[in-house]
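What follows is a set of notes on a single structure, which appears directly below.
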Protein chains: 2
Amino acid sequence: VTDGVGNVIGRSSASRRLLVGSHLESQNHAGWLDGALGTIYGLELARAFAEDPACAGMGIEAATWADEESHFLTYTGSKSFTGLLGEADIDNARSRTDGTPLREALEKAGYAGRKRELIEPSRYVGYLEAHIEQGDYLEATGLRLGIVTSIVGIWQYRITFAGVQNHAGTTRMAIRKDAGLALVKLANEIDRRFPEVTGERTVWTVGRITLEPGAPSIVPGRAEMLLQFRDAERSRLELLERTIQEMVGEADRTGPCGCTIETISRSEPVVMSAGFQEALERAAETHAPGQHIRMPSGAGHDAQLLARHLPAGMLFVPSIGGISHHWAEDTKDEDIVLGCQTLATAARIILEG
Amino acid sequence: VTDGVGNVIGRSSASRRLLVGSHLESQNHAGWLDGALGTIYGLELARAFAEDPACAGMGIEAATWADEESHFLTYTGSKSFTGLLGEADIDNARSRTDGTPLREALEKAGYAGRKRELIEPSRYVGYLEAHIEQGDYLEATGLRLGIVTSIVGIWQYRITFAGVQNHAGTTRMAIRKDAGLALVKLANEIDRRFPEVTGERTVWTVGRITLEPGAPSIVPGRAEMLLQFRDAERSRLELLERTIQEMVGEADRTGPCGCTIETISRSEPVVMSAGFQEALERAAETHAPGQHIRMPSGAGHDAQLLARHLPAGMLFVPSIGGISHHWAEDTKDEDIVLGCQTLATAARIILEG
């Protein structure tokens with residue numbers, strides 16, 4: 001069935017069923033595998049299980065989730081399927097590219113009259129999702145398969161600096177309250193101090209900096225930066241949060257500009273099912289002995305939403321050069337085949353289990 | 001006469017003539033004195049000299065220059081008057097606020113058919129301009145009049161960082177080429193090293209920072225900052241330029257991101273006429289003994305263009321709190337009166353000279 005937000009979900013009449021899929025769209029101007037790979041694996045597994053007499057009674061329901069990449073909302077499809085998306089959320093959503101209301105886009109696509117499917121946890125043994133790694137860890141270590149242990153939590157903050165906007169020619173350096181300079185100093189200090197408190201796989205990013213008014217001859221009166229960090233351990237995320245809050249407090253006290261921090265979002269790290277990790281590892285060892293590793297996922301995935309209701313597992317295949325969200329995104333043909341074989345074997349282990 | 005770019009220039013039939021004025025518009029949402037003060041002083045001097053039998057043979061031609069504040073072009077009116085503005089420049093100019101072509105704005109204002117006035121240097125003994133200081137130096141030192149010695153040169157640069165845009169969750173810190181972080185480090189280094197090579201009144205500003213694509217979950221692949229510095233001494237400007245070029249070269253060599261610098265503009269510092277400085281100082285000593293000082297102008301003014309053709313002088317009155325380009329811009333009533341009296345006396349000293 002295709003549902004009211006564009007999720008496409010297969011149906012099997014087998015008695016034991018596994019939900020297998022990934023997401024529908026990628027970013028604009030992005031590559032050919034992000035989302036599509038795991039979706040096609042789902043279809044391939046559904047066909048293979050249906051055709052194989054040895055798999056009698058075992059069914060794969062292939063699924064693909066709409067708008068994982070936040071064209072309208074974040075994880076639109078899997079949130080809808082897991083009951084986290086209200087009608088009002090849909091009413092208010094617009095395309096981040098061109099402002100089209102989501103309602104209008106659904107109407108145009110012919111989904112407007114349809115029911116939105118809701119998860120029935122008792123229907124499934126669990127959820128499996130395969131995805132490209134989108135990083136270079138597998139490639140750099142010469143491995144071919146990653147068994148996801150957890151999906152990192154993403155904590156995001158807006159840090160704002162309040163100075164005094166002034167003429168860049170007539171305002172002496174000594175009396176300036178330059179919000180841009182205050183921002184630069186804090187960002188530099190983050191770069192110096194974060195490595196003391198981050199873990200091996202923690203990542204942190206200042207993705208946006210804005211100075212106001214942003215003119216060459218005006219001392220910035222206001223500045224803002226977006227800071228994000230990711231880790232698979234909640235305790236690590238908490239330590240990083242305490243550290244940035246301390247640094248912001250210090251910057252605010254020592255002046256000359258005010259400095260405040262505001263939390264934008266905090267997603268929980270999600271642990272994958274231990275049994276599914278074992279099944280994936282056994283399958284990986286069958287098809288590529290010694291060429292697999294357990295690893296956390298630095299990116300968010302629909303699996304983190306499904307994992308609230310079902311045992312869930314994820315499998316990664318290598319991304320050449322670690323590239324994703326770009327037309328150059330690619331994976332070796334033999335790794336694409338290996339990933340599908342491994343996922344099928346894992347699905348069978350799980351359904352037989 | 002009102003001319004073809006909106007300059008308004010008075011005419012006197014006296015035999016010795018001084019051009020006295022300032023500019024017409026201020027910034028959008030700015031104050032009531034920037035430009036207007038010196039324009040009104042010009043009118044007041046023209047009236048006073050015309051009425052005073054003691055000033056027979058001495059004439060003030062009041063002038064106000066269009067668009068000093070770069071709504072369409074920089075110093076549009078005084079550039080036109082001093083022969084630096086071609087018809088093609090006008091053809092190509094558009095409003096920085098709403099994109100209206102300058103031709104259309106001139107048409108609407110009724111100036112389109114008019115001739116653009118051109119300076120006849122032999123017509124004038126020189127040019128005088130009064131202006132609010134737009135800084136807090138006079139206020140901070142308890143003085144009431146500033147005699148401008150020179151108008152600073154403004155040198156502007158675009159510094160660009162080329163990294164690799166990547167996923168902020170899956171790209172390990174060790175392999176990132178984060179253009180935003182490279183920018184932050186250079187900006188911090190400028191703050192550390194510039195004070196070693198700047199003079200007492202040098203000012204420098206990073207007014208704009210842009211990270212691309214500027215999304216919270218993407219490692220910036222490209223970053224750009226606008227750097228500007230101002231000083232009254234050419235040798236100091238050259239030293240600062242060598243310093244930033246060295247720093248950019250260092251950043252580029254030590255990586256991980258490429259770093260390049262591009263000159264946007266370099267305006268020459270302009271020295272005010274020594275004779276006019278003396279006349280202004282004598283006048284200031286008459287009206288406010290001991291309450292005046294010679295000082296450079298940190299802001300650009302139309303006088304720097306007129307000074308290419310005529311002896312030129314400038315007088316500053318204090319800005320309360322150093323504020324300008326803001327509705328709170330103000331000067332004490334008694335200082336406004338004092339400035340006009342001083343300018344009139346200086347004009348008389350010059351015209352009698």
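All of the numbers you see were taken from the coordinates with simple rules; none came from a lab. Just so it is clear, the model here is predicted, and its values are computed rather than measured. Cβ: placed from backbone, ideal geometry, glycine included. Neighbour counts: every protein chain shown.
Things to note:
- Label distances, nm, residue A:238 versus same residue in remaining copies, Cβ-directed 7 Å point: 6.2
- Cβ neighbours within 10 Å from other chains - mean over A:294-300: 2
- Computed from backbone phi with θ = phi - 60° and the Karplus coefficients 6.51, -1.76 and 1.60, the 3J(HN,Hα) list for segment B:93-105 is 7, 9, 4, 6, 7, 10, x, 4, x, 4, 4, 5, 5 Hz; x is used for glycine and proline.
- Rounded to 0.05, the FRET efficiency of the residue A:94 and residue A:11 pair, given R0 = 25 Å and the Cβ-Cβ distance, is 0.20.
- Net charge dipole size for segment A:210-280 [Lys, Arg +1 and Asp, Glu -1 on Cβ; Debye, nearest 20]: 80 debye
- Among A:132-140, A:58-66, B:99-107, the order from most to least packed when residues are scored by Cβ within 10 Å on average: A:58-66, A:132-140, B:99-107
- Computed over segment A:299-353, relative contact order equals 24 percent, with contacts defined as Cα pairs under 8 Å that lie 6+ residues apart.
- In nanometres and ascending order, the distances from the residue A:258 label point to those of the other copies are 4.2 (point 7 Å from Cα along Cα→Cβ).
- Length-normalised contact order for segment A:1-133 - Cα pairs under 8 Å, 6+ apart - percent: 34 percent
- Computing FRET efficiency as 1/(1 + (r/R0)^6) for residue B:254 and residue B:200, where r is the C-beta to C-beta distance and R0 is 30 Å, gives about 0.40.
- Acute angle (nearest 10 degrees) that the helix B:274-287 long axis makes with the longest principal axis of chain B, alpha-carbon atoms: 70 degrees
- Taking label points 7 Å from Cα along the Cα-to-Cβ direction, residue A:192 and residue B:285 give a separation of 5.1 nm.
- Two-site FRET efficiency, residue A:264 against residue A:48, from Cβ-Cβ distance with R₀ of 51 Å, rounded to 0.05: 0.75
- Across segment A:195-207, rounded Karplus estimates of 3J(HN,Hα) from the backbone phi angles (6.51 cos²θ - 1.76 cosθ + 1.60, θ = phi - 60°) give x, 6, 10, 8, x, 4, 10, 5, 10, 9, 8, 9, x Hz, Gly and Pro being marked x.
- Chain B: C-alpha gyration tensor shape, a/c 1.5 cut-off, then a/b vs b/c: prolate
- For the residue pairs A:177/B:177; A:177/B:185; B:79/B:332; A:185/B:332; B:108/B:332, the alpha carbons lie more than 26 Å apart in A:177/B:177; B:79/B:332; A:185/B:332; B:108/B:332.
- Within the shell defined by Cβ-Cβ distances under 13 Å, the residues around residue B:153 carry a net charge of 0, with Lys and Arg each +1 and Asp and Glu each -1.
- For segment B:131-276, relative contact order (Cα pairs under 8 Å, six or more residues apart, normalised by length) works out to 39 percent.
- In the assembly of identical copies, residue A:199 has its label point, taken 7 Å from Cα in the direction of the beta carbon, separated from the corresponding points by 5.7 nm (ascending, one decimal).
- Built amide H within the under 5 Å cut-off of residue A:207, gap 5+: A:226, A:228
- Close amide H contacts of residue A:264 (hydrogens built in the peptide plane, cut-off under 5 Å, sequence separation of 5 or more or a different chain): A:156, A:157, A:158.
- Estimated distance in nm for a label pair at residue A:352 and residue A:328, the labels positioned 7 Å out from Cα along Cα-to-Cβ: 4.3 nm
- Here's the picture: charge each Lys and Arg Cβ at +1 and each Asp and Glu Cβ at -1 in the protein assembly as shown, and of B:261, A:27, B:327 the one pushed furthest to the positive end of that dipole is B:261.
- C-alpha center-to-center spacing [segment B:1-41, segment A:72-147] in angstrom: 63 Å
- The Cα atoms of segment A:18-146 give a gyration tensor whose axes a ≥ b ≥ c have a/c of 1.5 or more with a/b no greater than b/c, which makes the shape oblate.
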